[in-house]
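Report on the structure given below.
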Amino acid sequence: MTTDSPAGPSSRALIWDGAIRLFHWSSVALVALAWWSAENGHMDWHRRFGLTMLGLVVFRLYWGFAGTQPARFAQFVKGPGAIAAYIRKMKRPYNPAPGHNPLGALSVLALIAALVLQVSAGLFAVDVDGLESGPLSHLVSFDQGRAAAEFHETIFNILIALIVLHVAALVFYRVRLNTNLVSAMITGRRANSEPGHVGPFPLVRFAIGIVLAGAVVTLVLQI
Ligand code: HEM
Ligand code: HEM
């Protein structure tokens, strides 16, 4: 994977590393597949997609501390003052700094939290006849498993609302601020931007993250 250019605006500066982009588009596919498989009663597939999503969220949480600068929570989680200052600057001509902006960071955190809750509840969920259950449902009573299933359904509705808001925000940036955020999440690069301080891709830390994610999924299946 590529490195960014030296400091200063560059015609195609790298602002997102490959791991974030892979996490993002895999999450989009897996949420859709998990919904489709649950709606159509393919629960074996639902658990497979859900467990893959579990691995992804474990990886993303780890990458928020060990990943490249734009991926780190400490880099983009800001207080109310920074958020208010950012909102005052949201007008044309808009030239965003690389990375999540202080307002968008709230949506990023909410989406990641919703994904964490979604997969966690799924692990303990029990369906009405007790036949189709998550891999950790044997650790809880039937009633607790049913409560987890109901929470799983509620959080799914919240997740959908957050996704609608997320996509609406992207449309707002495109239409009102003339800024296409989506192409950068695909290619990792943005035209005429400051570099995102992505640096050389940390392959060893990436490998550790993959092993960690795999280990958590394996552990869940072994318990
Ligand atoms: C991307 C993550 C996930 C999404 C979007 C998702 C979504 C859903 C949806 C929409 C339903 C149907 C809810 C209903 O109308 O009753 C469902 C049911 C269920 N899911 Fe997930 N799920 C995810 C992850 C998981 C995981 C990780 C597991 C466990 C390995 C799991 C286990 C279950 C079970 C057992 C049910 C049946 C519950 C019932 O019948 O009441 N899900 N899920
Ligand atoms: C299941 C649906 C979706 C989920 C769960 C989701 C989740 C997320 C998350 C967690 C992030 C933060 C990325 C990170 O730091 O790891 C993010 C950012 C982003 N997403 Fe999505 N997303 C979804 C759908 C979409 C769609 C459909 C698009 C494009 C049409 C999109 C475009 C983007 C872009 C451009 C960013 C970066 C925003 C920025 O520049 O700060 N997402 N999304």
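Please treat every number below as a calculation from the coordinates, not as lab data. Quantities reported herein were computed from a predicted structural model and do not represent experimental measurements. Virtual Cβ from ideal backbone geometry, glycine too; neighbours counted across all protein chains shown.
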> What does the highest-first list of 18-25, 97-104 look like by mean Cβ count within 10 Å?
Replying inline: 97-104, 18-25
> With each label point set 7 Å from Cα along the Cα-Cβ vector, what nm distance links residue 144 and residue 78?
Replying inline: 4.2 nm
> So, by mean Cβ neighbours within 10 angstrom, what's the order for 36-49, 158-171 with the highest one leading?
Replying inline: 36-49, 158-171
> Which angle between 0 and 90 degrees, to the nearest 10, do you get for helix 203-222 versus the longest principal axis of the chain when only C-alpha atoms count?
Replying inline: 20 degrees
>> Using only alpha-carbon positions, what ratio does the radius of gyration of the chain give when scaled by 2.2 N^0.38 Å?
In response: 1.12
> For the modelled label position 7 Å from the Cα of residue 22 along Cα-to-Cβ, which residues of region 89-112 have backbone nitrogen atoms closer than 14 Å?
Replying inline: none
